[in-house]
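Undergrad: Sharing a structure with you now.
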Amino acid sequence: MTEFQLIEGKPKIFAISSQKELLGLIQEYVENYDYEYVGSAYKEEDIFIKADQSEANLILLDSEVPDIDLIQLTEDLELFNVPIIINVGDLFNETIDKLLMSNPYGYLIRPLEEGELQRSMAVALRKHEQNIQNVKEAQSKVKEKSIELLIEKSDSSLLLILCVSLIII
């Protein structure tokens, strides 16, 4: 999902984690909130394929996925143009500090609480939709200005032709 599209129907949530217990909890909390849990992955080669196929509207990223450069992963996930919420352990370290500087839409500290996850998802999705609306409005304004400039340019050209014609006459 690389285009700027608003969500239609239930938001689709994709999780990245290697912890089955955590994934089960996420699925339960997501479905209790009437969102759609569309799957998970934890191996680098699977993450992008599954995330793309799921057409997720939001990605929940566990900060403790083994054998993955989480900083690079978050940068690569930006190609999907979906908000990311990072689930971190209770201890912050250098990697997590860098991860949080990658500008996620939110983060959650373990242990995962249902209400907190649900609020974070709702806020992230709302903020993302507002950003999409802002981009669409900006694109529309740019298009309007381009048309105005084209009209002004053609008016100037017409005026120039008229002046040259008068001079020749």
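Undergrad: Would you work out if the stretch 27-93 is rounded, prolate or oblate? Take a ≥ b ≥ c from the square roots of the eigenvalues of the alpha-carbon gyration tensor; rounded if a/c is under 1.5, else prolate when a/b is larger than b/c, oblate otherwise.
TA: In terms of gyration-tensor shape, oblate.
Undergrad: Okay, next question. Mind pulling the angle between the C-alpha long axis of helix 20-32 and the longest principal axis of the chain? Nearest 10 degrees, somewhere in 0 to 90.
TA: Tilt of helix 20-32: around 60 degrees.
Undergrad: Please list, or write none, the aspartates and glutamates whose alpha carbon is within less than 18 Å of the alpha carbon of Lys145, excluding same-chain residues fewer than 8 places away.
TA: Those aspartates and glutamates meeting the cut-off are Glu137, Asp155.
Undergrad: Right, another one. I'd like to know which of Ile96, Leu108, Leu159 lies farthest towards the positive end of the charge dipole of the chain, counting +1 on Cβ of Lys and Arg and -1 on Cβ of Asp and Glu.
TA: Leu159
Undergrad: How far apart, in nm, are two points set 7 Å out from the Cα along the Cα-to-Cβ line at Ser157 and at Asp76?
TA: Inter-label distance under the simple model: 4.8 nm.
Undergrad: Given Cα pairs under 8 Å that are at least 6 residues apart, what percent is the relative contact order of the chain?
TA: Once normalised by length, the contact order is 20 percent.
Undergrad: Carbon-plus-sulfur fraction of the accessible area of the chain, 1.4 Å probe, in percent?
TA: 54 percent
Undergrad: Given the pairs Lys50/Lys127; Lys43/Lys143; Lys12/Lys43; Lys20/Lys136; Lys98/Lys143, which span a C-alpha to C-alpha distance of over 32 angstrom in this model?
TA: Cα-Cα > 32 Å for Lys43/Lys143; Lys20/Lys136; Lys98/Lys143; rest within.
Undergrad: Continuing with the same structure: Mind checking the angle between helix 114-168 and the chain's longest principal axis? C-alpha axes, 0 to 90 degrees, to the nearest 10.
TA: Computed tilt is about 10 degrees.
Undergrad: Note the angle between two axes, namely the Cα long axis of helix 44-54 and the longest principal axis of the Cα atoms of the chain, as a number of degrees from 0 to 90, rounded to the nearest 10.
TA: So the helix axis and the longest Cα principal axis differ by about 60 degrees.
Undergrad: Continuing with this model, one more query. I'd like to check one number: the per residue accessible area of the chain, probe 1.4 Å, reported in Å² as a whole number.
TA: That works out to 64 Å² per residue.
Undergrad: Set the Förster distance to 35 Å, then compute FRET efficiency between Lys143 and Glu55 from the Cβ-Cβ distance, nearest 0.05. Could the numbers behind the result be given before it?
TA: On the way: r = 27 Å, r/R0 = 0.78.
Efficiency for this residue pair is about 0.80.
Undergrad: Which residue, Ser120, Ala15, Ile86, has the largest displacement toward the positive end of the dipole of the stretch 9-123 when charges sit on each Cβ (Lys, Arg +1; Asp, Glu -1)?
TA: In the stretch 9-123, that residue is Ser120.
The values are calculated or read from the model by the stated rules, or taken from the named source; none is laboratory data. Worth saying up front: this structure is predicted, and the values here are computed from it rather than measured. Cβ: placed from backbone, ideal geometry, glycine included. Neighbour counts: every protein chain shown. Surface areas here come from the heavy atoms of the whole protein model, side chains and all, with no ligands, DNA or RNA. Shrake-Rupley method; radii C 1.70, N 1.55, O 1.52, S 1.80 Å.
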